[in-house]
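Notes follow the structure.
The values are calculated or read from the model by the stated rules, or taken from the named source; none is laboratory data. This is a predicted model, so every value here is computed, not measured. Every residue, glycine among them, receives a Cβ derived from its backbone with ideal geometry; neighbour counts consider all protein chains shown. SASA here: full protein model, heavy atoms, side chains in, ligands and nucleic acids out. Shrake-Rupley method; radii C 1.70, N 1.55, O 1.52, S 1.80 Å.
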Amino acid sequence: MRHRSLLILTSVLTTGALTLTACGSRSDDGKKSGGDNNGGSTTNVVIAVDAPLTGQNSATGLGIQYGVKLALDDANKNNTVPGVRFSLKAFDDKALPATGQQNATAITGDNSIYAVVGPLNSGVARSMQQVFNQAKMVEISPSNTAVDLTQGKNWSTGTKARPFNNYFRTATTDAIQGGFAAEYAYKDAGKKKVYVVDDKQAYGAGLAGLFKQHFGQLGGKVVGTDHVNTGDKDFSTLVTKIKNSGADLLYYGGQYDESSLITKQLKAVGAHIPLMGGDGIYSDDYIKVAGPAAEGDLVTSVGVPVDTLPTAKQFIADYKAAKYPGDYGTYGGYSYDAATAIIKGLKAVIDANGGKLPASADARAKLVDAVQKSDFDGIAGHVSFDQYGDTTNKQLTVYQVKSGKWTSVKTGTYTG
């Protein structure tokens, strides 16, 4: 196991901000008390979060981190699991698969950690799944959408096989999101010619490929395809190609970092067509960077708009009151629900063990079975998992930038 030395230690603020600790992680655990559930002692149970907390995609990554923190805070406040105090340890994967794998090794090597929420990126998830599976540790992603993560590499041929029984997700897959987006673009928005671009990453390339496939099946024409690299800033050659193609829509598979610059540069050369993408683009940071050029652009994102759900009202109020950074709107609710599935699962494990928390390794393994049986109404929708570990909540929403804000224009699912 490779460990990183302690870098920085800051005091815990009254807002609940997390302190920076070893292994590139953060923890809100200022008071650890040992013992078991007997005699009034409290057992500290740590839930890890892995996401990009700095650099690329950090706005959505921080939304995941603090969505989980609010769930743990609520469980502690409400004494949801008597005798257990939950704390969080957050690991920054920087959206890099290699870093994610290192984090997975650090997480599974820490006996105080019982489960993990994350990661954000599907490519990072691929590097982590085997590590968590070997440790029999529950992993629930609120955002991974690559289909093969749950249904195996041959899913597209109709041969589905779950690779890892400990991996779950509260976000629906690209197989549904890609078709939903294509149907909206072709039927609702009336777009007939699309230029498709992706960032060559697992999430972006996979989603773009599925959109292209479904758009063509509906009768639309793909007039060009291209790829970019994450971190690119100058897209002058690309936007010229798109303008000259005659496309009436640009579909981009990737994150908001690059797409916000692409749409800005595309409008600057006189190609006033909308950019459409998936949930990786659905962030206020996209609009902040693109500015007026974002007007009219489209995204699909998982679930029903969280700010329209009465069940999420308190979550949003608490997030804002704490002044937490990041974007709670994209995956914050799904992160809260993922953590809640772990909390409820752990309670079931303890109840089945005579009110005592089993030893760490045993508890991890039993938690996998308990999470598989999840069946409750979360703040972002109903939470349960099918035989592949996929969420049974297939709702998606199309958002469009109107007057400088993301506005929902259609909610539903794809059954084509």
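The table for this structure:
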item	result
Heavy-atom accessible area order for E258, E295, E183, largest first, 1.4 Å probe	E295, E183, E258
Where H227, H214, H272, H382 fall by accessible area, highest first, once all protein chains stay in place (1.4 Å)	H272, H227, H382, H214
Per-residue [θ]222 nm for the chain (sum of -39500 (n - 2.57) over DSSP H runs n ≥ 4, rounded to 500)	-11500 deg cm²/dmol
Sequence of W155, W406 when ordered by accessible area, the most exposed leading, probe 1.4 angstrom	W155, W406
Pairwise label distance in nanometres, K320 with A361, each label 7 Å out on the Cα-Cβ vector	4.9 nm
Pairs from K191/K313; K200/K373; K193/K410 whose Cα-Cα separation, in the structure shown, is over 29 Å	K191/K313; K200/K373
Surface per residue (accessible, 1.4 Å probe) for the range 113-168, Å²	32 Å²
Residue-count net charge about G389 - beta-carbon cut-off 9 Å; Lys, Arg +1, Asp, Glu -1	0
Listed residue pairs exceeding 18 Å between alpha carbons, taken from K243/K267; K264/K288; K94/K136	K94/K136
Charge context of K320, other residues only, Cβ under 15 angstrom, K/R +1, D/E -1	-2
Among A348, A104, A171, residue whose mean-square fluctuation peaks in a GNM of the chain (springs only between Cα atoms under 10 Å)	A348
Computed accessible area, R162, all protein chains, 1.4 angstrom probe, square angstrom	60 Å²
Charge dipole (the chain, unit charges on Cβ, about Cα centre) - positive-most of A322, S335, M276	M276
Within-14-Å neighbourhood charge of L210 [Cβ basis; K, R +1; D, E -1]	-4
Computed magnitude of the charge dipole of the chain (debye, nearest 20; Cβ of K, R +1, Cβ of D, E -1)	180 debye
The chain, relative contact order in percent, only Cα pairs under 8 angstrom and at least six apart counted	17 percent
Percent accessible area from carbon and sulfur atoms, the range 107-200, protein chains only, probe 1.4 Å	42 percent
Within the range 294-416: Cβ-based charge dipole about Cα centre, in debye rounded to nearest 20 (Lys, Arg +1; Asp, Glu -1)	240 debye
